[in-house]
1. In the set Glu14, Glu44, Glu51, which member is in contact (Cβ under 8 Å) with a residue 40 or more places away in the chain and either β-branched (Val, Ile, Thr) or loosely packed, with under 14 Cβ neighbours inside 10 Å (or both)?
2. Of all residues in the stretch 1-11 being surrounded by fewer than 14 Cβ atoms within 10 Å (Cβ to Cβ) and over 19 Å from Ile63 (Cβ atoms), which is nearest to the chain's Cα centre (by Cα)?
3. Take the stretch 6-20 and flag every residue that is farther than 13 Å from Pro41 by Cβ and in a helix (DSSP H, G or I).
4. Hey, Gly37 hits all of (1) part of a helix (DSSP H, G or I); (2) out of contact with any Ser or Thr (no Cβ under 7 Å at 6 or more places or on another chain); (3) not polar (S, T, N, Q) but one; which does it fall short on?
5. Residues in the stretch 54-69 that are surrounded by 14 or more Cβ atoms within 10 Å (Cβ to Cβ) and either touching a residue at least 24 places away in the same chain (Cβ under 8 Å) or not in a helix (DSSP H, G or I) (or both): how many?
Amino acid sequence: MPIRDLRSNRAAAEISATLLATKAKVNRSRLSMIERGYIQPTQEELQRLRESLDQLVRDKAVIKRAAASVGWPLGGWND
């Protein structure tokens, strides 16, 4: 995933920037600057951001399946 797609992919997955920053161990304001193209992340940061976003998307899918299996409302989560 190119850096320019990070924000759009995160937003499409309905993952908050704060959650991604926390998971990837990147300062929230630094993530904002990266997403807006003002600064370039280090290779290590970029790898952590990509891996963290992928993991959060997978985790969210697991939660959605578990909720659906017991009839819990998904509360606005898109399918």
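1. Numbers: Glu44 fails: in contact (Cβ under 8 Å) with a residue 40 or more places away in the chain; Glu51 fails: in contact (Cβ under 8 Å) with a residue 40 or more places away in the chain.
Just one listed residue meets the conditions, Glu14.
2. Taking the stretch 1-11 first, the residues surrounded by fewer than 14 Cβ atoms within 10 Å (Cβ to Cβ) are 1-2, 4-5, 8, 11.
After this cut, where a residue has to be over 19 Å from Ile63 (Cβ atoms) as well, the list is 1-2, 4-5, 8.
On the way: Met1: 12, Pro2: 14, Arg4: 14, Asp5: 11, Ser8: 10 Å.
Per the stated criteria, the residue is Ser8.
3. Just the residues of the stretch 6-20 that are farther than 13 Å from Pro41 by Cβ, to begin with: 8-19.
Result: Ser8, Asn9, Arg10, Ala11, Ala12, Ala17, Thr18, Leu19.
4. (1)
5. The qualifying residues number 3.
Laboratory data are not the source of any read-out in this text; all were calculated from the coordinates shown. Computed from a predicted structure; not experimentally measured. Glycine also receives a Cβ, built like all others from the backbone with ideal geometry; neighbour counts cover every protein chain displayed.
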